[in-house]
Amino acid sequence: VKRRRVLLLLLLACAGLASAPQRPPGLADVRKIRHWSYPNYTRVVVELTRVVQPSVHRLAADTRAARPERLYLDLGGVWVGRRYTEPIHVGDGLLHGVRVGQNTLRTTRVVIDLKRYSRHRLLVLQAPDRVVIDIYGQGRGEARSAPTQDSLLSGRSAHRVVLDPGHGGADPGARGIGGLLEKQLTLRLGLALRQRLVQRGFEVIMTRASDRTLSLEERTVVAEAAGGDLFVSLHANAAPRRTARGIETYYLNASDQRHNLTVAARENNISRGEVNDLQRTLATFRVSEVSPYSRELAQQLQRSLISRVRGAYGDVRDLGAKRGPFYVLFLSSMPSVLVEMGFLTNQAEAARLRDPAYMNLIAEAIADGITRYHDSLQTIAAVELP
Ligand SMILES: [Zn+2]
C-alpha cells in the first residue's frame, strides 16, 4: 500500500511537470521586484529585461472571496513562470503586498493588494527597463499630496535640503574637454555646497557623497526617506557644438511642450524620440502641485548663479530657469530642480569647471539661492498658488 502511494505521488508529480506551461520564445523576463514605503505613498518597481507598456486596472474588494481592493498590471510579452509562488509582503499600512504570476502564456500579471487607496501613478523608465507604480492612500500624509492652500502654507518649509550629485560610479555622465567627467564635477560641487549650507544652519542630505552608482529611484528614496524639503540635482552640460555655453536651471512642469530635448535625453539616459513619449506621459500626471515652489527655487538659483559668475568672470550666458521633463524631478515629491553648472565641452567653461575657485563660487551662489528661496516661501505661498 505504501509503495503504491509513492508511485501515485510520483505520477502526480510528473503530471504536474507535464502541465507546467512551456515558455514561448521571444518573451522578456522579470528581473526583480522592489518596493519602498514613503511617508505619503508606496512605490513598487518591476524591473524587466525589455521596455513594456502595461495596462493598469483597479478591482473593488471582494468580501466573499476575502480579497482586498487591488490594482493589477498586465505586462504583455513578459515571462515570469512560477518564480513568485509566495506573495511579496509589504504590510506598510497602505499595501498588503504584491503578487506576481504568469496570467497567460504571454502575459505576466502583477497584483497589488491594497489596504488604503486614493490614487496611483504609473511610469515606464529605461536603463534599466522598468515599470514604476506609486500608490497613494487616504489617511497617510494625504495632506501633502492633495494639498489645500492652508496645508501648503503651513506645511512647506525649506530647512532640509537634499543634494543630488548627478551620475556616479559606472555612470560617468557627460565627458568633456581633457577627459573631464561630469560625475566628478557634480560630486565636487555637492561636497562644497553641503559645507556652505551646513554653515548657514541648513540640514543637508546627500544622495551620494562618494563615487558610486545610484539609480534614479535610489536617489529619490534617499530624499523621501529623509523627509527632504527641497531637492537639488547637480549636473554639468555637454553639447556637440563646442561654442555652446552657459548656465541653466530646470524645474519640472508637465504643462509646457517645448523642452530642450537634448539635455533631457542625456540626463534621463533615453533617446530624443523617447523624450516626446515621456512628455506625453508626464502631461497626464498631477505634477503641478509643487511647481510654483520648484519654479521659484529654480529662478532663485539661476539668478544667484548668473550674478555671482558675472561678478567674478564678467561673462556668462544666462540660459534661464526653464521647464524640463526629467525623471529625477518627476520621481521626487518635493520641490525639485536640476542645475546645469556649465558646459564641459566648451573650452572656456571646461577650464573654469576644473578650477576649485569656480566650484567654490558656484557653491556659494547656490547656497545664496537656497537661502533666498527659504526666506521667500511665505510670499510665494500667498501670491502664486494656483
Ligand atoms: Zn548630468
Item to check | Count of residues meeting criterion [away from the ligand (no atom under 13 Å from the Cβ) and of a type in the set (Lys, Arg)] in region 215-235 | outcome: 0
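Those residues that are more than 13 Å from the ligand (Cβ to nearest atom) and over 15 Å from Ala238 (Cβ atoms), I need them from region 329-350; list them, please. Write out each step before concluding.
If we filter region 329-350 for residues that are more than 13 Å from the ligand (Cβ to nearest atom), which is where we start, we get 330-337, 346-350.
Matches in region 329-350: Phe330, Leu331, Ser332, Ser333, Met334, Pro335, Ser336, Val337.
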Checklist entry - In region 124-137, what count of residues is obtained for those that are over 17 Å from Leu59 (Cβ atoms) and crowded, with 19+ Cβ neighbours inside 10 Å? => result 6
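How many residues does region 198-231 hold that are in a helix (DSSP H, G or I) and either within 15 Å of the chain's Cα centre (by Cα) or buried (at least 20 other Cβ atoms within 10 Å of the Cβ) (or both)? Full working, then the answer.
Let us first name the residues in region 198-231 that are in a helix (DSSP H, G or I), namely 198-199, 216-225.
Subset that is either within 15 Å of the chain's Cα centre (by Cα) or buried (at least 20 other Cβ atoms within 10 Å of the Cβ) (or both): 216-225.
Number of matching residues: 10.
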Item to check | Failed criterion for Arg99 (all others in (1) crowded, with 19+ Cβ neighbours inside 10 Å; (2) at pLDDT 95 or above hold) | outcome: (1)
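How many of the residues making up region 33-55 are of a type outside the set (S, T, N, Q), assigned to a strand (DSSP E or B) and more than 28 Å from Gly228 (Cβ to Cβ)?
1
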Checklist entry - Restricting to region 236-252, what's the tally of residues that are within 14 Å of the ligand (Cβ to nearest atom) and within 15 Å of Arg352 (Cα to Cα)? => result 4
Checklist entry - If you go through region 9-19 one residue at a time, do you hit one that is modelled with pLDDT under 85 and surrounded by 12 or more Cβ atoms within 10 Å (Cβ to Cβ)? => result no
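Would you point out which residue out of Arg119, Arg106 is more than 23 Å from the chain's Cα centre (by Cα) and surrounded by fewer than 19 Cβ atoms within 10 Å (Cβ to Cβ)?
Working: Arg119 fails: more than 23 Å from the chain's Cα centre (by Cα).
Arg106 is the lone residue from the list that is more than 23 Å from the chain's Cα centre (by Cα) and surrounded by fewer than 19 Cβ atoms within 10 Å (Cβ to Cβ).
How many of the residues making up region 196-214 are more than 15 Å from the ligand (Cβ to nearest atom) and either out of contact with any helix residue (DSSP H, G or I) (no Cβ under 8 Å at 6 or more places or on another chain) or of a type in the set (Asp, Glu) (or both)?
Quick first cut of region 196-214, residues more than 15 Å from the ligand (Cβ to nearest atom) only: 196-206, 209-210, 212.
From the residues that got through so far, the ones that are either out of contact with any helix residue (DSSP H, G or I) (no Cβ under 8 Å at 6 or more places or on another chain) or of a type in the set (Asp, Glu) (or both) too are 198-199, 201, 203, 212.
Summing the residues that are more than 15 Å from the ligand (Cβ to nearest atom) and either out of contact with any helix residue (DSSP H, G or I) (no Cβ under 8 Å at 6 or more places or on another chain) or of a type in the set (Asp, Glu) (or both) in region 196-214 gives 5.
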Checklist entry - Filter region 238-247 for residues that are buried (at least 16 other Cβ atoms within 10 Å of the Cβ) and either modelled with pLDDT under 95 or of a type in the set (A, V, I, L, M) (or both); which is farthest from Thr345 (Cα to Cα)? => result Ile247
Checklist entry - Within region 210-229, is there a residue that is within 24 Å of Val124 (Cα to Cα), of a type in the set (S, T, N, Q) and in contact (Cβ under 8 Å) with a residue 60 or more places away in the chain? => result yes
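Just wondering, is there one or more residues in region 188-195 that are part of a strand (DSSP E or B), more than 19 Å from Ser336 (Cβ to Cβ), within 16 Å of the ligand (Cβ to nearest atom) and not hydrophobic (A, V, I, L, M, F, W, C)?
Of region 188-195, the ones part of a strand (DSSP E or B) are none.
No, there is no match, as no residue in region 188-195 is part of a strand (DSSP E or B), more than 19 Å from Ser336 (Cβ to Cβ), within 16 Å of the ligand (Cβ to nearest atom) and not hydrophobic (A, V, I, L, M, F, W, C).
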Checklist entry - Out of all the residues in region 315-346, which are in contact with a helix residue (DSSP H, G or I) (Cβ under 7 Å, 6 or more places away or on another chain), among the hydrophobic types (A, V, I, L, M, F, W, C) and in a strand (DSSP E or B)? => result Ala321, Val337, Leu338, Val339, Met341, Phe343
Checklist entry - For residues in region 158-173 being in a loop (DSSP other than H, G, I, E, B) and surrounded by fewer than 24 Cβ atoms within 10 Å (Cβ to Cβ), which is farthest from the ligand (Cβ to nearest atom)? => result His159
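The values are calculated or read from the model by the stated rules, or taken from the named source; none is laboratory data. In this text, all values refer to a predicted model and were calculated from it rather than measured experimentally. Reconstructed Cβ throughout: ideal geometry from the backbone, glycine too, with neighbour counts over all protein chains shown.
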